Amino acid sequence: MSEQNDSIEIGEVKISDDVVIAMAGIATSNVKGVYSSQSEGLGNLFSKNSIKKGIKVEMNDNTVTLNININVEYGLNIADISKEVQESVKKEIETMTDLTVSAVNVNVVNIILEKDKQ
């Protein structure tokens, strides 16, 4: 696991990959129409027990690249949902950490029908 280091006058601040992944998971879970990318069920991908599933992060210096797998609700515009995920994740990470997000790659792995959501 890599960690982000920022030197400050009184010490060092380290931000782990897991923290960035958790932030991305929370930001993604707030986007309407996004569902679990996991095959074991349709529970929210970003629930307490599975917040890290479907998200990969690469950190170099102060730059972050994320890869996020999602399912999208049928009937919604996939491009719009994906763009909203990208914007939400980028904003959250950059606002909360001062890291630079170079890319948020969204991989839509499936669509979910209304009857499958129940």
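The values are calculated or read from the model by the stated rules, or taken from the named source; none is laboratory data. Predicted model, so just to flag it, every value in this text is computed and none were measured. Cβ placement follows ideal geometry from the backbone for every residue including glycine, while neighbour counts extend to all protein chains displayed.
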| request: Taking only segment 76-103 into account, find how many residues are of a type outside the set (S, T, N, Q), farther than 16 Å from Asn62 by Cβ and free of Cβ contacts under 8 Å to residues at least 40 places away in the same chain. | output: 5
| query | Pairs under 8 Å by beta carbon, first residue free of Cβ contacts under 8 Å to residues at least 40 places away in the same chain in segment 9-33, partner hydroxyl-bearing (Ser, Thr, Tyr) and assigned to a loop (DSSP other than H, G, I, E, B), six or more apart or different chains? | reply | Ser16/Ser2
| Could you say whether any residue in segment 27-47 is among the hydrophobic types (A, V, I, L, M, F, W, C), modelled with pLDDT of 90 or more and assigned to a helix (DSSP H, G or I)? | yes
| remark: Restricting attention to segment 85-100, the residues that are over 20 Å from Lys53 (Cβ atoms) and surrounded by 15 or more Cβ atoms within 10 Å (Cβ to Cβ) number exactly 3
| field | Members of segment 23-36 that are of a type outside the set (S, T, N, Q) and more than 17 Å from Asp98 (Cβ to Cβ) | value | Gly25, Ile26, Val31, Lys32, Gly33, Val34, Tyr35
| Among residues of segment 72-118, those that are closer than 12 Å to Thr28 by Cα, assigned to a strand (DSSP E or B) and out of contact with any Leu (no Cβ under 8 Å at 6 or more places or on another chain), counted | 2
